[in-house]
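Visitor: Below are the structure tokens for one structure; questions will follow.
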Amino acid sequence: MTAILNRIKVALGPDMAGPGFALIAVLVIFSLASPQFFSWATFGSVAFQLPELGLLTLAMLLPVLTGGLNLAITFTANLAGLTVAWVLQQNGGADAGPFAFFLGSVLGVGVGALSGVVMGLVIAYTRAHPILVSLSMMIFLRGLGEFLTRGGDVSGFPAFLQPLGHGSILGFPVPLLVFIGCVLIWHLLLTRMKLGFNTYMIGSNIEAARYSGVNTRKVLVLVYTLSGAMCAIAGIIMLARFNSVRVGHGESYLLITVLACFLGGVNPFGGFGRVIPVAVALVVLQLLSSGLNILGANQHLATAVWGILLITVMVLRFAAGHFKSLKRKKG
Amino acid sequence: MTGRESAKSGQKPLLSLRNINMTFGGVRALKDVSFDVLPGEVHCLAGENGSGKSTLIKIITGVYRPQDGAVIEFDGQTYSHMSPVTAQNSGIQVIWQDLALFPEMTVAENIAFQTLLGRWPRFVNYNAMREKAVKALARLDVTLDVDRPLKDYAIAQRQIVAIARALVGEAKLVFMDEPTASLTQSETDHLLDIVRTLSASGVAVVFVSHRLAEVLEISSRLTVLRDGALVGAYSTEGMTQSRITELMTGKTFDQTVRARNVNANPVVLEVEALSRPGQFEDISFTVRRGETLGITGLLGAGRTELALSLFGMLKPRSGTVKLEGKPVHFSSNRDAIAAGIAYLSEDRLSLGLIQPQSIADNLVISSLDKIIAGGLLSDSRKRDLVAQWIADLGVKIGLQTDAISTLSGGNQQRIAIAKWLATDPKLLILDAPTVGVDVGARAGIFDIVAKLAETGLAIILISDEVPEVYFNADRVLHMAKGRIVDQFLPAACSLAEIEAAVYA
Amino acid sequence: MRKAVQSHATEFALLAVIAVISLFLSFATDRFFSLGNAFDLLNTSSVNIIFAVGLLVVLIAGGIDISFAVAASVVQYLAALMLGWMGGGGWISGLLIAGGLGVLLGAVNAFLIHKFRIISIVATIATFNIYFGLLMFFTRGVSIYNLPDWLTARVILFEHEMADGSWIEITLPVLVMLICVVATWVFITRTTTGRQLYAFGDNPEGARRFGINIGAMQFIAFGWLGLMAGIGGLIQAHYAQEVVPNALYGRELDVLAAVVLGGARLGGGKGSVLGCVLGVLLISITQNGLNLAGVSPYAFKMIVGAIILAAITLSNTSIEKLLPFMRQEEGRK
């Protein structure tokens, strides 16, 4: 029995304990509190709301693994959305064709990647702290976006974009499928590709990685570039969901993405953390907010509960570590 | 065997420990240890890693509390245990290996740091701090600008600041934990002079160092610990390095010169007139297949800089490097690795291995291409590759996924060597491969080196411990002040000859 | 003098940049280079400077705090409510209440960081969400306009009409700001506790071996920032003449950028009050100047962001690094 448990433990990894425990707790508490909780409506709302936050969290994850942070994610997403909107408008607004959307998306991802390239270059070549570099990039992009839109909304998109934000394929919401696809890509990247391997190594000790022959600058630039590109995908999904682009959309997600990473067991100093536990942490957060919604609370209370959840998990991790070291001392 | 020669001298000890026992998690770290230090003497505390040296220091300075029954006598007072405050107040000071200084603060603040302590806020008297600092530095016969931040000064001066800080604390007994580990020879000489000055002024100094030559030079008495137990206390008069090693490890090492004649083998590396002004000048040498070339010389002689230039991490200003006859220019160490050069860093903890990461990942980091299957990294290939190297080099590990930091120094170094062997090098540069490796485990590392040379690998062995290169290299180059000044053939000369030249 | 320039390189660089920008702006606009405008700048920057010197103390001690701006919002709201129950109160009771609440909220962060060894960025991101979420939940986002008269009345400590008919004024926020700045300066450079904070931020393990009380350091650093956040929050309510629950949301990152621009280091042990004030002023002067020069307000932030990005890039780059052929010293850090 313990052998089986151990095998499950190894397969799931120790970082799964926090989010796994939280998931079970949330499911149990809400299904006891409200009979409506276990319903398609709940899971539908989770499935439609998860992807925006989820994609942005994926964008945050890679820099956090290198021991950095990307504070520019939300505004990068906005600017990528603006790029798509601009291309659509240039091609007839509501009458624009699928090709215009495709072109816009490519350009949008390019814009997102560009913001990442700039940050990555500055971080890799000057060793400036990523918090500062991405913070100034965030202030810059926010300013640029507000300058371009004069603080207003951009809307009027072709109808064929509707399914991208609200449609379903075989009962699965399209945004969720996009998110799942991106989770799998990130998982593959981090577990099976050289870039992912080197990302972890750099996160633990960048100098030792360089002495081992890792091209640390290239890895850093690529990490921030991919982060920017992922922001762009989030921006495009947001465009389709809201049928508009406004600079500041999703701004409140910024620190939630960091919270989700830490909740998912990512080491705040970098070097350790996996995609799947982070995805589970995201589900927990979304279930919490939907559950509270059913009970009549609003998103703000959910935000507060998210914060409390993070502290609870960190305190439990501390207590578990404490307990383990006590046990070791006693032999 | 456990001669207590302190009794002979008839002097009353300044510090006297009896019945010191200490247990961590069921493991006895110290077993019934006794330890005496005479007033004003320089005393060396010797032992391998894990022999209990640092535990003993921590008990004396009050960081740890020994088990009941311990007797600590210091300066006429008897204690059952110390606390950091009583230790400091009664005149016991430690200079930790990492110095525990504050680089952003001024020299004066660092030296007179004690005046900044205390629970309740007071106004800082900068003038008094400056005066204290200047006075303490004057006692050491050193002048530094006390208003400059400490980070402006190099490691040797920082060491002096740490000593000055101990003096401000009215020290009667100063512990120095590996104080010369990162000093050049002239800096070490200066430090040893300072230790003599201290000793002459009546301050007792306990020196912990792995450099046995230094130990013999500076200290008058020696206490050896092994596996947490006292081996004995000895006078350093008539003591030799090999005798100390024997006492520390409990084994005798019959070291024989391994040098062979490999002049018939083809040349792998040919360096000609390589220069990097300020670090090394006009370096020329060759290394042949199957040859182990030793490079020795004091810290600061330019050895590591030369190695990093061969490895593509530093750019030489002039000169040529030929690998198997072809001139090579590396723009980074990745080019060097691809060309077949591997470099084992002298700093295993922060540059050689990625300590928090797993054993397996540390082993494959430089040869990821080998574990790719179908364009992706393969877990099973990684496992097989790691298992094979671990078996080949006889490394003792738990799980492949354990953090490398859980291994002993010797086993970590084996993984580091395996990491480079996995890149199929033609030339392996080993920079101080035994730093932080127990004396007993060092022989194992050199057995591996010898086996590798047998297979035809060209090896450059860099070490500041002359016996290491003497016994393990086929040819020894002596580097001093950035130049190769001499060449020795261990098969045709004595260890003393080389040592005389290097330490002259 | 040379020594002063060397040891305060960041401050002198900032002064030089401010001088250059001011010179440029005084040619580009006729209003910029006037005393009246200078005092305007001080009045509008006061709250940010108060926040900045508080955050500086936490950065010096090696921490970071994301939650202080929303904590200030919580303090504003609670203080307004408490003053209402008390039937008005006055500046003294107002500052005491706001400061006390601020210290309390800061202590929550210190408690989490010290007691459970949660690193400061994680702990304060959590409290950021808790403070803001609960504030918005309980207030339902409703602002308070009905503040006591003493709080909303402008207090002009000094005014003087210039020859050209414009007025120069020093208002209460400037006085409070000056007191906070001087108090922080005295605290971190002239008291033993302040120096212990530097030492703790510089080398925590070294500080611990000297018996410095690590827990006390965390509570003092986060408590000081809490105090400044509370005071800053009250002054902001005074300045804006209303309490809007999400008015300060997002301010934390702007202040952080300014403080780091002023030479404080993420990771601890480094930073000065002068640099921190200059960092805030550089950003305000740029915005103010762009405003007077008739640049669209929407472009301010973009330009400010670009300036910070450039400043950070340049301050981390020596000339040799930019010129690859001079790159010799790179092998060893």
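Coordinate-derived values only; no laboratory data. These figures come from a predicted structure and were not determined experimentally. All Cβ positions, even for glycine, are placed from backbone atoms using ideal geometry, and neighbour counts span all protein chains on display.
Visitor: Apply the Karplus curve 6.51 cos²θ - 1.76 cosθ + 1.60, θ = phi - 60°, to the phi angles in region A:225-236 and return the couplings in whole Hz, x for Gly and Pro.
Guide: So the J values, rounded to whole Hz, are 5, 4, 4, x, 5, 5, 4, 4, 4, 4, x, 5.
Visitor: Are there DSSP H segments in chain C that both extend 18 Å or more along their axis (alpha-carbon positions) and score a mean Kyte-Doolittle hydropathy of at least 1.6? List them, or say none.
Guide: Values: long enough: C:9-28 (28 Å, 2.21); C:35-60 (34 Å, 1.74); C:68-86 (26 Å, 1.72); C:91-115 (35 Å, 1.54); C:120-139 (27 Å, 1.69); C:172-190 (26 Å, 2.21); C:214-240 (38 Å, 1.22); C:273-292 (28 Å, 1.68); C:297-315 (27 Å, 1.74).
Those that clear 18 Å and a mean of 1.6 are C:9-28, C:35-60, C:68-86, C:120-139, C:172-190, C:273-292, C:297-315.
Visitor: Dipole magnitude of region C:45-277 about its Cα centre, charges +1 at Lys/Arg Cβ and -1 at Asp/Glu Cβ only, in debye to the nearest 20? Can you show the working numbers first?
Guide: Numbers: 11 positive and 11 negative charges, 209 e Å.
Approximately 1000 debye in magnitude.
Visitor: Further question: In the structure shown, do any of B:Lys135/B:Lys172; A:Lys194/B:Lys382; A:Lys194/B:Lys451; A:Lys194/B:Lys419; B:Lys12/B:Lys132; B:Lys396/B:Lys426 have a Cα-Cα gap over 20 Å, and if so which?
Guide: On the way: B:Lys135/B:Lys172 17 Å; A:Lys194/B:Lys382 13 Å; A:Lys194/B:Lys451 32 Å; A:Lys194/B:Lys419 16 Å; B:Lys12/B:Lys132 31 Å; B:Lys396/B:Lys426 27 Å.
Too far apart for the 20 Å limit: A:Lys194/B:Lys451; B:Lys12/B:Lys132; B:Lys396/B:Lys426.
Visitor: Now for a different question. Which three extents, in angstrom, do the Cα atoms of region A:52-251 have along their principal axes, listed largest first?
Guide: Extents along the principal axes, in whole Å: 56, 41, 25.
Visitor: With no solvent and one equal point scatterer placed on each C-alpha of region B:351-427, evaluate the Debye formula and give log10 I(q)/I(0) for q = 0.12 Å⁻¹, two decimals.
Guide: Here log10 of I(q) over I(0) equals -0.29.
Visitor: Residue by residue through B:113-119, how many Cβ atoms from other chains fall within 10 Å of the Cβ on average? Walk me through the numbers before you get to the answer.
Guide: Values: counts 7, 1, 2, 10, 9, 5, 7.
Per residue, the average neighbour count from other chains is 6.
Visitor: Separate question: Using a Förster distance of 41 angstrom, determine the FRET efficiency expected from the C-beta separation of B:Glu217 and B:Glu131, and round it to 0.05. Walk me through the numbers before you get to the answer.
Guide: Working: r = 35 Å, r/R0 = 0.84.
Once the sixth-power term is evaluated, E becomes 0.75.
Visitor: Sort A:291-300, A:125-134 by the packing proxy (mean of other Cβ within 10 Å over each peptide's residues), most packed first.
Guide: Order by mean packing, descending: A:125-134, A:291-300.
Visitor: Provide the gained length on full extension for the span B:Leu399 to B:Glu237, in nm with one decimal, where the gain is 0.36 nm per separating residue minus the Cα-Cα distance.
Guide: My answer for the length gained is 53.6 nm.
Visitor: When you look at the Cβ of every residue in A:252-262, what mean number of other chain Cβ atoms sits within 10 Å?
Guide: Numbers: counts 5, 0, 3, 11, 3, 0, 6, 5, 0, 1, 6.
That average works out to 4.
Visitor: Let me ask something else. Could you state the per residue volume, in Å³, of the convex hull enclosing the Cα atoms of region C:45-277? Write down the numbers at each step before the final one.
Guide: Working: hull volume 29.7 nm³, N = 233.
So the per-residue hull volume is 128 Å³.
Visitor: Follow-up question, since we're still on this one. Among B:Ala387, B:Val328, B:Gly374, whose Cα sits farthest toward the positive end of the charge dipole of region B:266-425 (+1 at Cβ of Lys/Arg, -1 at Cβ of Asp/Glu, about the Cα centre)?
Guide: B:Gly374
Visitor: Can you tell me the FRET efficiency between A:Phe269 and C:Glu161 if r is taken as the Cβ-Cβ distance and R0 is 45 Å, rounded to the nearest 0.05?
Guide: On the way: r = 58 Å, r/R0 = 1.28.
Plugging the Cβ-Cβ distance into 1/(1 + (r/R0)^6) gives 0.20.
Visitor: Using a Debye calculation, one point per C-alpha and no hydration shell, please list log10 I(q)/I(0) for the protein assembly as shown at q = 0.04, 0.05 Å⁻¹ in order.
Guide: -0.25, -0.40
Visitor: As I understand it, the value is the acute angle between the Cα axis of helix B:155-168 and the longest principal axis of the Cα atoms of chain B; what does it come to in degrees, rounded to 10?
Guide: Rounded to the nearest ten degrees, it is 10.
Visitor: In whole angstrom, note down how far apart the Cα centers of region C:237-301 and region B:64-87 are.
Guide: Rounded to whole Å, the Cα centres lie 55 Å apart.
Visitor: Now for a separate question. How high is the relative contact order of region C:45-277? Use alpha-carbon pairs under 8 Å, at least six apart in sequence, and give a whole percent.
Guide: Result for region C:45-277 is 45 percent.
Visitor: Follow-up. Taking Cα atoms, how many degrees apart are the long axis of helix B:409-421 and the longest axis of chain B, rounded to 10 and kept between 0 and 90?
Guide: The answer is roughly 20 degrees.
Visitor: If one takes the longest principal axis of the Cα atoms in chain B, at what angle in degrees, from 0 to 90 and to the nearest 10, does the Cα axis of helix B:126-139 lie?
Guide: 70 degrees
Visitor: Taking all pairs of distinct Cα atoms, average 1/r, flip it, and tell me the Kirkwood hydrodynamic radius of region A:274-328 in Å to one decimal place. Don't skip to the end; give the middle numbers.
Guide: Details: mean 1/r = 0.0787 Å⁻¹.
Taking every pair of different Cα atoms in region A:274-328, averaging 1/r and inverting gives 12.7 Å.
Visitor: For chain B, treating each Cα as an identical point scatterer without solvent, what Debye log10 I(q)/I(0) comes out at q = 0.05, 0.06, 0.09 1/Å?
Guide: Evaluating at q = 0.05, 0.06, 0.09 Å⁻¹ gives log10 I(q)/I(0) of -0.22, -0.33, -0.73.
Visitor: Another one. With runs of 4+ DSSP H residues as the only contributors, calculate the mean residue ellipticity of the protein assembly as shown at 222 nm using -39,500 (n - 2.57) per run, divided by the residue total and rounded to the nearest 500. Can you show the working numbers first?
Guide: Working: 46 runs with 653 residues, N = 1168.
Roughly -18000 deg cm²/dmol at 222 nm, from the helical runs in the protein assembly as shown.
Visitor: Roughly what would the spin-label model give for B:Lys326 and B:Ala181, points 7 Å off Cα along C-beta, in nm?
Guide: Reported label-point gap for B:Lys326 and B:Ala181 is 4.2 nm.
Visitor: Picking from C:Val182, C:Gly63, C:Leu78, whose Cα lies most toward the positive end of the charge dipole for region C:45-277 (charges on Cβ: Lys, Arg +1; Asp, Glu -1)?
Guide: So the residue we want is C:Gly63.
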